[in-house]
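Q: My questions all concern the structure below.
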Amino acid sequence: MKIMHICTGYPISFNGGITNYVRALANEQQQAGEEVVIVGGRDNKFNKKENTFKYIEYNSFFLKPFSLANKKNIFAYQKIKKIIYQENPDIIHIHMMLDIDLRIADFLIENNYKYIISLHDYSFICPRIRMFKNNELCNNIGEKCLKCANFTEQNIFINKLCNVGKINREKFKNNSPNFHKMYQMNKKLLEGATLLLPVSNRVKDIYIKANIKNKYEVLHIGNVTANNFKKYKSKNFQPRKLKVVFLGNFSKIKGGEEYIKLSKNLDHRKFEFYFLGRCSEEERDKMLKNAIVNKGSYKQNELSKILREYDIGCVLSIWEDNAPQVVMELLNNNIPVIGTKMGGIPDFVVDNMNGFLYDPYDKKSFLSMIEKVSKLTVEEIEHMKENITPTVTTQEHFKSLQKIYQKML
């Protein structure tokens, strides 16, 4: 079986959630005897010794990743068509198409290519990808989308000029009719697929609400930390301060301000607060004012060792975060999680079992969580750690995906 993964917009060597996943999956499939090719962005760091699959670089001068411009260009269209024609795969597995002409749907359907789409995020229904703007959630696709951006954001060159010149975009009228056109083209692509694979139940719900009609099968991503999961054995019931940690990016959308709220509402005589990851100078100052210890960035391969000294992890996204890998990393290292009821987080965190959940837009929900967490004892946390089970392993995920491929053929 020849499998083509389409994952454009980034080089495949990029250290990001989707690229890491596709790269690991392709290597596993190739080693299992499949013929695998990835179509991804231009990559100066691609290592042929570390990767067993074939890699085809794709990029378009006219269509840029994360641009709000209409995804339509004849040169980009011909380039991706030529790649698919030449490779002639049995199955096409689409992950990201950040710089591909959206008329590719017509080409795939008319030529009877068998393809599935993993819904890693909301890029197929929202040009802004997160369905989040001006610190507000977008609940659905609709009239708002037609006025989501002004013309300066929708032209690649003018957008760059405005960024360099720091031009105030508020002066320009919002008018985004192309957003609706892009949605319609992506709708055709999504509904023409054999199957849609959302990475969490909430992602599935959002696509269904966006009127995308097709078969859905929620497929949780395998995480490498699950492969190395070890059952926790309680060691120390002696009274001590409970160490709380927030990993990743301290931005507002990722939950930086929620973490500050948490530190303000929990007793510092009982809890200590730490941050590991990236942050701005302003965010660093906020941490300092709120007694949050900034431990700086960390290396992914050191995470398991680092997490041994912490008791509770936090994943506090205020957007519908698809299926945050950090949740899996915490749980697979025996760390209970305080999480928001957003995106894929509730797929992994079960309230009062392996963590605590709350709605970041509901004050009562937040205070209810604070009340439960504030009463925690060292013994209760230790027992919670003992009862944590691993998330899906990469091998389990690989086997589930192989069954889907076989059904398609």
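Q: Dipole of the range 167-293, Cα-centred, from +1 at each Lys and Arg C-beta and -1 at each Asp and Glu C-beta, to the nearest 20 debye?
A: 300 debye
Q: Top mean-square fluctuation among Lys72, Lys252, Lys299, Gaussian network model of the chain, C-alpha springs under 10 Å?
A: Lys299
Q: Less than 12 Å Cβ to Cβ from Pro346, Lys/Arg counted +1 and Asp/Glu -1: what total charge do the surrounding residues give? Present the calculation step by step, with values, prior to reporting the outcome.
A: Values: positive: Arg202, Lys341; negative: Asp205, Glu320, Asp321, Asp347, Asp351, Asp359.
Neighbour charge sum, excluding Pro346 itself: -4.
Q: How much net charge surrounds Met408 when only other residues with a Cβ under 15 Å from its Cβ are counted (Lys, Arg +1; Asp, Glu -1)?
A: Surrounding charge for Met408 is +2.
Q: How many angstrom lie between the C-alpha centres of the range 227-254 and the range 92-170?
A: 36 Å
Q: Ala149's amide H: which non-local residues (gap 5+, or another chain) put their own amide H closer than 5 Å, with H modeled 1.01 Å from N in plane and none for Pro or chain starts?
A: Long-range HN contacts for Ala149: Asn175, Ser176.
Q: Hey, another quick one. What residue among Arg130, Arg23, Arg169 has the largest mean-square fluctuation in a Gaussian network model of the chain, using Cα springs under 10 Å?
A: Arg169
Q: Any chance you could look up the accessible area of Val224 with a 1.4 Å probe, heavy atoms only, rounded to 10 Å²?
A: 90 Å²
Q: Shifting gears a bit: Choose one answer from Ile116, Ile338, Ile208: the residue with the largest mean-square fluctuation in a GNM of the chain with alpha-carbon springs under 10 Å.
A: Residue with maximal mean-square fluctuation among Ile116, Ile338, Ile208: Ile208.
Q: Shifting gears a bit: Please tell me the relative contact order of the range 1-47 in percent, rounded to the nearest whole number, where contacts are Cα pairs under 8 Å and at least six residues apart.
A: Here the relative contact order equals 54 percent.
Q: Based on the mean of other Cβ atoms within 10 Å per residue, sort peptides 63-70, 99-106, 346-353 so the most packed one is first.
A: 99-106, 63-70, 346-353
Q: Over the chain, with the other protein chains present, what is the accessible area per residue in square angstrom, probe 1.4 angstrom?
A: Normalised by residue count, the accessible surface of the chain is 50 Å².
Q: So what are the three principal axis dimensions of the range 179-218 from its Cα atoms, in whole Å, longest to shortest?
A: 27, 20, 13
Q: Here is a further query. State which stretch of the chain is the longest one without any exposed GluC sites (Glu not before Pro), exposure meaning a DSSP loop state and at most 16 other Cβ atoms within 10 Å. Before the final figure, lay out the partial values.
A: On the way: sites that count: Glu50, Glu217.
For GluC sites (Glu not before Pro) (loop position, at most 16 other Cβ atoms within 10 Å), the longest site-free span of the chain is 218-409.
Q: Tell me which aspartates and glutamates have Cα within less than 16 Å of Lys241's Cα, excluding those fewer than 8 residues away on the same chain?
A: Excluding near neighbours in sequence, the set is Asp267, Glu272, Glu309, Asp311, Glu379, Glu380, Glu382.
Q: Based on DSSP H runs of at least 4 residues, each adding -39500 (n - 2.57), what is the mean residue ellipticity at 222 nm of the chain after dividing by all its residues, to the nearest 500 deg cm²/dmol?
A: Working: 15 runs with 145 residues, N = 409.
Only helices count here, giving -10500 deg cm²/dmol.
Q: Let me ask something additional. Given a cut-off of 18 Å, name the pairs among Lys144/Lys213; Lys144/Lys181; Lys173/Lys209; Lys299/Lys341; Lys48/Lys399; Lys235/Lys385 whose C-alpha atoms lie farther apart than that in the structure shown.
A: Long pairs (Cα-Cα over 18 Å): Lys144/Lys213; Lys173/Lys209; Lys299/Lys341; Lys48/Lys399.
Q: Roughly how many percent of the accessible protein surface of the chain is carbon and sulfur, given a 1.4 Å probe and a whole-percent answer?
A: On the way: 10010 of 20250 Å².
That share works out to 49 percent.
Q: Further question: Only bridges with both residues in the range 12-147 count here: give the DSSP antiparallel percent, nearest 5.
A: 20 percent
Q: Please state the relative contact order of the range 116-232 as a whole percent: Cα pairs under 8 Å, 6+ residues apart?
A: Numbers: 128 pairs, mean separation 36.3, N = 117.
Here the relative contact order equals 31 percent.
Q: Pick the calculated Rg and Dmax of the Cα atoms in Å for this structure from [x] 22.3, 68; [y] 21.0, 65; [z] 31.9, 111?
A: Of the labelled values, this structure produces [x].
Q: Please report the net charge: other residues with Cβ closer than 9 Å to the Cβ of Thr194, K and R +1, D and E -1.
A: Here the count lands on +3.
Q: Of all beta bridges DSSP finds with both residues in the chain, what is the antiparallel percent, to the nearest 5?
A: 5 percent
Q: Identify all aspartates and glutamates with a Cα-Cα distance to Lys204 below 15 Å; exclude those on the same chain that are fewer than 8 residues away in sequence.
A: Asp121, Glu191, Glu217, Glu320, Asp321, Asp347
The values are calculated or read from the model by the stated rules, or taken from the named source; none is laboratory data. As the structure is a prediction and not an experimental result, all values here were calculated from the model. Glycine also receives a Cβ, built like all others from the backbone with ideal geometry; neighbour counts cover every protein chain displayed. All accessible areas refer to the heavy atoms of the entire protein, side chains included, with ligands and DNA or RNA removed. Shrake-Rupley method; radii C 1.70, N 1.55, O 1.52, S 1.80 Å.
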